[in-house]
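Here is the structure we will look at.
The values are calculated or read from the model by the stated rules, or taken from the named source; none is laboratory data. Being a predicted model, the structure only gives us computed values, none of them experimental. When we count neighbours, we look across all protein chains shown, and the Cβ atoms used for this are built from the backbone with ideal geometry, even at glycine. For the accessible areas, the whole protein counts, side chains as well, though only heavy atoms, and no ligand, DNA or RNA atoms are used. Shrake-Rupley method; radii C 1.70, N 1.55, O 1.52, S 1.80 Å.
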Amino acid sequence: FFLMIRRPPRSTQGVSSAASDVYKRQLMDGQEGVSVGIEAGITKQDHLITAYRCHGYLIGRGDTPERLIAEMMGRLTGCSKGKGGSMHMTLLKNRFYGGNGIVGAQVPIGTGIAFGIKYDGKPEVCVSLYGDGAANQGQIAEAANMAKLWNLPVIYICENNLYAMGTCVARSSANTKFYTRLDPIPGVKIDGQNIFAVRETMKKAREWCISGKGPMCLEILTYRYHGHSMSDAGLSYRTRAVSYTHLRAHETSLHLVCRLLLEKKKKRMSK
């Protein structure tokens, strides 16, 4: 699953360059640990809705890289019949509702899905993701307020990659502790490069929600290795030196998994 997410951005980068007149794509390499950890912590009966950096979530919900690429090329064999493109990928049969291009608009929709879950009395949750750039949207506060009033089974997740579209969070948000922003909904901050931390926190958040205690807010700290989209080199608001320093100081999610697997193998061979 991890490698399936990692490979499409590499292969589709060439596709994106060749078809840049058709769409502009948002790469998610660097943020794979978030989608992998989330999917590992919930069940296929649960629901998920996100913004437009959605490719890893689509694969996690059970779709294939082939259908993903077909969608980006506008083909009928794509996951949204070629009508959604890079930003509007869905897999309704597996309870994945996209892939939404309007900043923050998916959060009220996710809250509505959670309302339906509670109305039907089902032991399920809805995971509703948004980025640090969308965190200042009023519709998120309104949706969260209703979710808390009605104790809906929704997990709000701020996927914080530090730069939103192209502005450092310290310059755009007076309160950069995003896990506190939906108070009185309880919040937790997690290292998104550690997929095991994400997975275990998701399991606890899911238990909290289905037990009837209401919503939960998570801030998952991550980092994108490219610009916001194919039209953004990512160098006007952060230098290569800044990115390299961050990479040297933080182990990537893929490196973490590889290191742990190798350590486990060495222990097994030494016995």
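Of everything in the stretch 169-206 that is acidic (Asp, Glu) and not in a strand (DSSP E or B), the residue that is surrounded by the fewest Cβ atoms within 10 Å (Cβ to Cβ) is 183. Quick one: residue 209 ticks every box in (1) more than 30 Å from residue 261 (Cβ to Cβ); (2) assigned to a helix (DSSP H, G or I); (3) at pLDDT 95 or above; (4) open to solvent by 20 Å² or more (accessible area, probe 1.4 Å) bar one, so which box is it? All conditions are met except number (4).
Considering the stretch 95-110, and only residues there that are part of a loop (DSSP other than H, G, I, E, B) and small (Gly, Ala, Ser), the residue that is surrounded by the most Cβ atoms within 10 Å (Cβ to Cβ) turns out to be 99. Within the stretch 42-61, the residues that satisfy the criterion of being open to solvent by 20 Å² or more (accessible area, probe 1.4 Å) and at pLDDT below 95 are 51, 52, 53. Within the stretch 243-271, the set of residues being of a type outside the set (D, E, K, R) and either open to solvent by less than 50 Å² (accessible area, probe 1.4 Å) or at pLDDT below 65 (or both) comprises 243, 244, 246, 247, 249, 252, 253, 254, 256, 257.
Yes or no, residue by residue, for (1) open to solvent by 60 Å² or more (accessible area, probe 1.4 Å); (2) in a helix (DSSP H, G or I); (3) within 20 Å of residue 35 (Cα to Cα):
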| site | (1), (2), (3) |
| --- | --- |
| 75 | yes, no, no |
| 89 | no, no, yes |
| 93 | yes, yes, yes |
| 118 | yes, yes, no |
| 124 | no, no, yes |
| 134 | no, no, yes |
| 142 | yes, yes, no |
| 145 | yes, yes, no |
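Within the stretch 147-162, being crowded, with 22+ Cβ neighbours inside 10 Å and part of a helix (DSSP H, G or I) holds for one residue alone: 147. Pairing each residue of the stretch 71-91 that is more than 20 Å from residue 102 (Cβ to Cβ) with any residue that is of a type in the set (Val, Ile, Thr) and surrounded by fewer than 21 Cβ atoms within 10 Å (Cβ to Cβ), provided the two are 6+ apart or on different chains, yields C-beta distances under 7 Å for 73/15; 74/22. Name the residues in the stretch 26-41 that are modelled with pLDDT of 90 or more and either of a type in the set (D, E, K, R) or buried (at least 24 other Cβ atoms within 10 Å of the Cβ) (or both), would you? Scanning the stretch 26-41 gives 34, 35, 36, 37, 38, 39.
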